[in-house]
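**Student:** I'd like to ask you about the structure that follows.
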Amino acid sequence: MSKLSLAQSISEIEEIVEKDYPNWIVAILNEYSRDYPHLSGNWKTLCKKMDVSPQKILLVKDINFEEKSDPKIEVCEILTKKGYVIRRMTEFVPCIICNRAIPCVEIWHLLKEKGFSVPEIWENKCSSC
């Protein structure tokens with residue numbers, strides 16, 4: 001974990017994580033779809049509080065926050081403190097055109113039910129793509 005804490009670039013982070021958790025990182029995305037500005041806003045707010053810049057969104061195979069002994073939780077905490085967002089691949093998908101993060105259809109339904117601004121219909125691409 002100390003190597004991960006000292007890592008500076010996404011390639012270093014990928015290499016360290018891949019060694020300990022092969023194929024855990026499924027995709028690396030630059031940003032959220034512009035269709036979901038509240039997600040970008042939350043990320044920027046969190047980074048500002050931690051005095052870091054937003055980095056990348058990492059889609060991972062799994063995270064079990066219920067299992068407190070899961071060492072991947074510590075990996076997530078370290079990366080979050082560096083400005084990364086870690087999301088399960090079951091929760092987000094990359095836009096098929098621009099590769100921005102889009103909530104999966106189930107998350108889209110939840111956001112819509114809670115009154116967040118979301119596209120009228122869910123698609124696996126941004127409305128501007």
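**Student:** Looking at the range 1-97, which GluC sites (Glu not before Pro) are in a loop (DSSP not H, G, I, E or B) and have at most 12 other Cβ atoms within 10 Å?
**Tutor:** Counting only loop positions with at most 12 other Cβ atoms within 10 Å, the GluC sites (Glu not before Pro) in the range 1-97 are Glu66, Glu67.
**Student:** Now for a different question. Farthest toward the dipole's positive end in the chain, which of Ser2, Met89, Thr45, given Cβ charges of +1 (Lys, Arg) and -1 (Asp, Glu) about the Cα centre?
**Tutor:** Thr45
**Student:** If you don't mind, there's one more thing I want to ask. Could you pull out the trypsin sites (Lys or Arg not before Pro) across the range 39-108 that fall in loop regions by DSSP (anything but H, G, I, E, B) with no more than 14 other Cβ atoms inside 10 Å?
**Tutor:** Lys61, Lys68
**Student:** Have a look at the DSSP beta bridges in the range 2-91 and tell me what percent are antiparallel, nearest 5.
**Tutor:** 50 percent
**Student:** Right, here's the next one. Please check: in the Gaussian network model of the chain (C-alpha springs, under 10 Å), which one of Ser117, Ser11, Ser40 has the largest mean-square fluctuation.
**Tutor:** Taking springs between Cα atoms under 10 Å, the residue moving most is Ser11.
**Student:** So if I place +1 on the C-beta of Lys and Arg and -1 on the C-beta of Asp and Glu, and nothing else carries charge, what would the dipole magnitude of the range 2-91 be about its Cα centre? I want it in debye, nearest 20.
**Tutor:** 360 debye
**Student:** Ok, one more. What do you get for the angle between helix 10-20 and the principal long axis of the chain? Use alpha-carbon atoms, 0 to 90 degrees, nearest ten.
**Tutor:** That helix lies at roughly 70 degrees to the long axis.
**Student:** In terms of the ratio Rg/(2.2 N^0.38 Å) built on C-alpha atoms, what value belongs to the range 63-129?
**Tutor:** Working: Rg = 14.4 Å, N = 67, 2.2 N^0.38 = 10.9 Å.
In units of the globular-protein estimate, the range 63-129 measures up at 1.33.
**Student:** Moving on to the next point. May I ask for log10 I(q)/I(0) of the chain at q = 0.14, 0.19, 0.21 Å⁻¹, from a Debye sum over the Cα atoms as equal point scatterers with solvent left out?
**Tutor:** The calculated log intensity ratios at q = 0.14, 0.19, 0.21 Å⁻¹ are -0.64, -1.13, -1.30.
No lab work stands behind these numbers, since they all come straight from the coordinates. Predicted model only: the values in this text are computed from it and were never measured. Glycine gets a Cβ as well: all are built from the backbone with ideal geometry, and neighbour counts include every protein chain shown.
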